[in-house]
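Inspection log for the structure reproduced underneath, given as structure tokens.
The values are calculated or read from the model by the stated rules, or taken from the named source; none is laboratory data. The model shown is predicted, which means the values in this text are computed figures rather than measured ones. Because the Cβ atoms are built from the backbone with ideal geometry, glycine has one as well, and the counts that use them run over all protein chains shown.
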Amino acid sequence: MTTTAIPPEAKRAPAASPRSRTARRREGAAWVFLSPWVLGAIVLTLLPMAVSLYLSFTDYDLFSPPEWVGLRNYTQMFTEDPRYWRSVVTTLTYVVVAVPLQLALALVVALALKGMKRGKAFYRSAFYAPSLLGASMSVALVWRAVFNDGGTVDNLFGTGGWVNKPGWALLAVALLTAWQFGAPMVIFLAGLQQIPAELYEAAAVDGAGTWRQFLSVTVPMLSPVLFFNLVLQTIQAFQVFTPAFAISAGKGGPADSTLVYTMYLYDRGFVASHMGYASAMAWVLLAVIGVVTAVLFRTSRSWVFYASEGDR
Amino acid sequence: MPGHRTKGFCASAAALALCAVLAGCGGSEESADGGKVVLRYTWWGNPDRAERTEQAVALFEKQHPDIDVTTSFSGYDAYKQKLATQAAGGDAPDVMQLDYRQIDQYASGGVLLDLAQQKAVLRTSEIDQGLLATGRVDDVQYAVPQGRGTETVAYDVETWKKSGVPLPDGSWTWSQWADSMRALAEKTGKPGATDPGQSEDAFEVWLRGQGRSLYTEDGGLGFTADDLARWWTFTDELRREGAVSPAEQTTQLDGSVENTPLGRGQSVTDANWDAPASGFLALVPTGVALAPMPSGEDGTPGQYFKPSMFLGVSADTGHPEEAAQLVDFMINDRRAAKILGASRGIPVNETIRDAIGPQLKDFDKTIADFQSSLDGRLKDPPQAPPSGDNALQSTFQRDYDQVSYERMSPREAAENYVTEAKAELRS
Amino acid sequence: MTSTAVSRKPLGRGRIAVHLGCLAALLVMLYPLAWLLATSLKPADEVVASLDLLPGHLEWSNYRTALDGVNDVSVWRLLGNSLLIAGGAVVGNVLSCSLAAYAFARLRFRLRGPLFAFMIATIMLPHHAVLIPQYIIFNQLGLVNTYWPLILPKFLATEAFFVFLIVQFMRGLPRELEEAARIDGCGPFRSFFRVVLPLTRPALITTAIFTFIWTWNDFFTQLIYLFDQDKFTLTLALRSFVDASSTSAFGPMFAMSVIALLPIVLFFLAFQRFLVEGMASSGVKG
């Protein structure tokens, strides 16, 4: 993270010195705009985060006062807990499968709907419908029925059940996430909506065909939104909990195949009451996601285009 | 003019200070509401239990006009999470329903009140002494059992009868049980039972049938990897023969009767607790009957009457006496008992059990009859399991998954489990 | 409006193909929803065991049970509570997140980089790890068992997802717009309300829709912070039909799922049409 995440313009601040009075006034204004966020960030975010960081160095069973144990939780996690490593592998597999799948579906559908005049609202609503459900227990039961032995998928493709086979269950979880692609789709659509029509007109005047317009107008103009979806879906995928929890009825089965990272964290923290250990797991996850996100931000410089920075 | 920035900063600082002040004034004071004492009471359960509990609570409020009880309930898993968060936040409800597995953790964490302090209003004389003892940790009574339940083999009567295999009678050993399951599988073409290998409860019954126990008196592990390897070898062989459910079926257990192999029509029997077994009636409309759990080869019974739910009082309650009165009412009051029926298991108060026995209807009566057929034959329940058991219950099922999906031998998985269990119980 | 204006061909073959593709995809996508609807009318013994789509016979009593509410609390009360929480959250998120986003996207201030990084980092910590500290804070503030823990955080822009979303949209707006406003004498506040906010409408509507749906479905937070049954929401009531330790009522639970779905469907339908009017149609020429 850190510097890579700075909106580029911040670095240009010194250049603005001729207008330093305005700049200062705007600095004051910025803090006014930020004040609710600052308050929330300190009281509701920073404080609990600091507590959980502290807890990660303790033995804490929820009820008795935490006992300082130094790095023990971390060493135990890395050296003595094979189930921890299995959950890491499971989660990475999930991220690699679910994120591209969901984003690709969302983007393809959004592009298909973009140019539509008739039926756009209908399609948008219909494609969004699954995302209204969340991963409630009813959805989980439906999913289990569809992907069970003798369920719809088995009947159509003869694959047998998925939710009850260790090699396949995680795919069923990823498909549930992908099925609910409404959020990234709507964000893509909103991004597409924001592209000024003049750009397409200008491109058309220059003789660009549909494909050329897509590459030279749509892709660069959509890149901030694409980047947003990529970053957020990746972060969320690393923390996937609800679909895996719901489909496996909280067990992470069969044979630990859907025991993703945060589910194991939950299991350690709230079922086994090792909140110190769970907190340590949370901070390791934060570090890993942080590194991945920082890498994404760094690569973004070469492919994300911000209109506000114009053609600099 | 850095003043502007400072101003923004001051604003945030002021807001923070405000929070600090609020924090000072706030806190979970159980303040009197119009001179009334307000008690918070929570439990887990289904809507039926909630409705009956509400009625009983309304009666309590009528008898104690100075007490106002606010109630809350949720499903079991959600309840556990919520209660743990509340208790960790120093905000446990005044009166809470507790599970056998929670007692040790909540008691040793200082969440629960020593009920002996309220002996004057909370009577325990009519409760079976063996059951009452299960609410004690280090000789302090932290919780009182409300109902009792025991495990049972629920079976599809019609399918079993049709198969021609002799029906279970009053008792059977594990090897007789296994023979029946094999015969059922052969005659009906579907497994006789849910694979019991994944269930820590079933293992406990098997272990007790051999005179052992899950945990020692001082909270250590009461068995060895050899014992567990024998149990898992036993169930693994039955699974391979098709006498009990395959891994793909077993893994779909989610605690509900609907998702058991019996509930799905994929087996003839299911070992379960007696109270939830009533749910099978809706799923197997031709009828379900209850048989006892198998015993050790010498006839030693492994199953026991387990306190199905406890009531405990928060150590931080502002009104210990009123809270104890509510607990007493829920357990000992005749009229409350009439309303509550068997919604929390068959009552542990012996006088009440005898009094409401004849009024029980339908499956409640089946359960009561089943329990009375076992009365006097079973051994005393073990003391409440150590807090590590919460984690071990799921570890047990996870390790057995490795066996039933044939990724580990019973021996390897058992060694793994014992290592994990020892680490868990030490911490 | 956008590319259609350029590549208009009256129902060309390509268009038909797109429609056919969309319909085929919908058929697959909506199948599980049809299943959910069908299951809400199945009798108890079919809910889980039957793998057929259609119920053997229609069990309307599932809906009757669900509409009775839970334990003296009527379904209308539950609905009202859910609406209150989701509505409050929408107002809070749209207001506070757009304010913060404007600062991050368009204004200069010290520590902007580190603060932005911190904001993104806050969504990287699994919420289970901060659940108990947060609970303690709200308990200290005396706000447990009120709706504040569910609404207040939204007014304080704690959902970095939406701040980041709006930031990305604001950064997509040409800078000249504000320059022009500034030359006209608009300070940051006027140009925020007059120029930037209207142009970010798709992002704000998106924020409103997602906030409503996600808050509505957020079982976990509601479970932890609400105690009294008459403060319960539809989402909480839905789960109370299922209790692993006793007999569950899957049929009414499915019926309740459908009932709980209706308000968010309506909300989505009502607001989604505003998604259409973005910059392209608002007549702004950069």
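If only residues of the range B:117-163 that are in a helix (DSSP H, G or I) and within 24 Å of the chain's Cα centre (by Cα) are counted, the one that is surrounded by the fewest Cβ atoms within 10 Å (Cβ to Cβ) is B:Q129. Scanning the range C:151-162 for residues that are assigned to a helix (DSSP H, G or I) and at the interface with chain A (Cβ under 7 Å from one of its Cβ atoms) gives C:P153, C:F155, C:F161. Of all residues assigned to the range C:70-81, at least one qualifies as being under 23 Å from C:I209 (Cβ atoms), out of contact with any helix residue (DSSP H, G or I) (no Cβ under 9 Å at 6 or more places or on another chain), more than 9 Å from chain A (Cβ to nearest Cβ) and assigned to a helix (DSSP H, G or I). Yes or no: the range B:272-287 includes at least one residue that is more than 12 Å from chain C (Cβ to nearest Cβ) and over 22 Å from the mean Cα position of the chain (by Cα). Looking for residues that are more than 12 Å from chain C (Cβ to nearest Cβ) and over 22 Å from the mean Cα position of the chain (by Cα), one finds at least one in the range B:272-287, hence yes. Just to be sure before I move on: is A:W68 in contact with a strand residue (DSSP E or B) (Cβ under 8 Å, 6 or more places away or on another chain), surrounded by fewer than 17 Cβ atoms within 10 Å (Cβ to Cβ) and more than 13 Å from chain B (Cβ to nearest Cβ) in the structure I sent? When the stated conditions are applied, A:W68 passes them. Starting from residues that are of a type outside the set (A, V, I, L, M) and within 15 Å of B:A423 (Cα to Cα), keep the ones in the range B:376-393 and report whichever is surrounded by the fewest Cβ atoms within 10 Å (Cβ to Cβ). Residue satisfying both the conditions and the ranking: B:Q393. For the range A:260-276, give me each residue that is facing chain B (nearest Cβ under 9 Å), within 14 Å of B:T395 (Cβ to Cβ) and in contact (Cβ under 8 Å) with a residue 40 or more places away in the chain. Those that are facing chain B (nearest Cβ under 9 Å), within 14 Å of B:T395 (Cβ to Cβ) and in contact (Cβ under 8 Å) with a residue 40 or more places away in the chain: A:S273, A:H274. The set of residues in the range A:79-107 being among the hydrophobic types (A, V, I, L, M, F, W, C), within 14 Å of another protein chain (Cβ to nearest Cβ) and under 14 Å from A:V186 (Cβ atoms) consists of A:L105, A:A106, A:L107. May I ask you to verify whether B:G279 is within 24 Å of B:T42 (Cα to Cα) and surrounded by 23 or more Cβ atoms within 10 Å (Cβ to Cβ)? So B:G279 fits the description; yes. For the range B:394-426, residues that are of a type in the set (S, T, Y) and either surrounded by 19 or more Cβ atoms within 10 Å (Cβ to Cβ) or assigned by TED's automatic domain parsing to the domain that holds B:D128 (or both) total 5.
Using beta carbons and a limit of 9 Å, which pairs, at least six apart or on different chains, have the first residue in the range C:145-157 and in the same structural domain as C:F220 (by TED's automatic domain parsing) and the second one of a type in the set (K, R) and not in a loop (DSSP other than H, G, I, E, B)? Between residues of the range C:145-157 that are in the same structural domain as C:F220 (by TED's automatic domain parsing) and residues that are of a type in the set (K, R) and not in a loop (DSSP other than H, G, I, E, B), the close pairs are C:N145/B:R40; C:N145/C:K231; C:T146/C:K231; C:Y147/C:K231.
So in the range A:203-238, with the set limited to residues that are under 16 Å from A:F305 (Cβ atoms), free of Cβ contacts under 8 Å to residues at least 60 places away in the same chain and among the small types (G, A, S), which one is surrounded by the most Cβ atoms within 10 Å (Cβ to Cβ)? My answer is A:A203. If you take the residues in the range A:155-169 that are within 10 Å of chain B (Cβ to nearest Cβ), farther than 15 Å from B:L253 by Cβ and more than 26 Å from the chain's Cα centre (by Cα), which one is surrounded by the fewest Cβ atoms within 10 Å (Cβ to Cβ)? That would be A:G160.
In the set C:L83, C:L79, C:L99, C:L58, only one residue is under 30 Å from A:E27 (Cα atoms) and in contact (Cβ under 8 Å) with a residue 12 or more places away in the chain; that residue is C:L99. The set of residues from the range C:135-150 being within 7 Å of another protein chain (Cβ to nearest Cβ) and part of a loop (DSSP other than H, G, I, E, B) comprises C:L141, C:G142, C:V144. Within the range A:147-154, is even one residue assigned to a helix (DSSP H, G or I) and among the acidic types (D, E)? Looking through the range A:147-154, at least one residue is assigned to a helix (DSSP H, G or I) and among the acidic types (D, E).
Does A:F228 qualify as being within 30 Å of C:P202 (Cα to Cα), touching a helix residue (DSSP H, G or I) at 6+ places or on another chain (Cβ under 9 Å) and more than 7 Å from every other protein chain (Cβ to nearest Cβ)? Against the criterion (within 30 Å of C:P202 (Cα to Cα), touching a helix residue (DSSP H, G or I) at 6+ places or on another chain (Cβ under 9 Å) and more than 7 Å from every other protein chain (Cβ to nearest Cβ)), A:F228 does not qualify.
Give the range A:234-252 a look and list any residue that's of a type in the set (G, A, S) and more than 8 Å from chain B (Cβ to nearest Cβ), or say none. Within the range A:234-252, A:A237, A:A244, A:A246, A:S248 meet the criteria.
Being crowded, with 16+ Cβ neighbours inside 10 Å and in contact with a strand residue (DSSP E or B) (Cβ under 6 Å, 6 or more places away or on another chain) narrows it down to one residue among B:P246, B:P191, B:P261; which is it? None of the others qualify; the one that does is B:P191. Annotation: of all residues in the range B:348-375 being surrounded by 18 or more Cβ atoms within 10 Å (Cβ to Cβ) and of a type outside the set (V, I, T), the one that is farthest from B:F280 (Cα to Cα) is B:N349.
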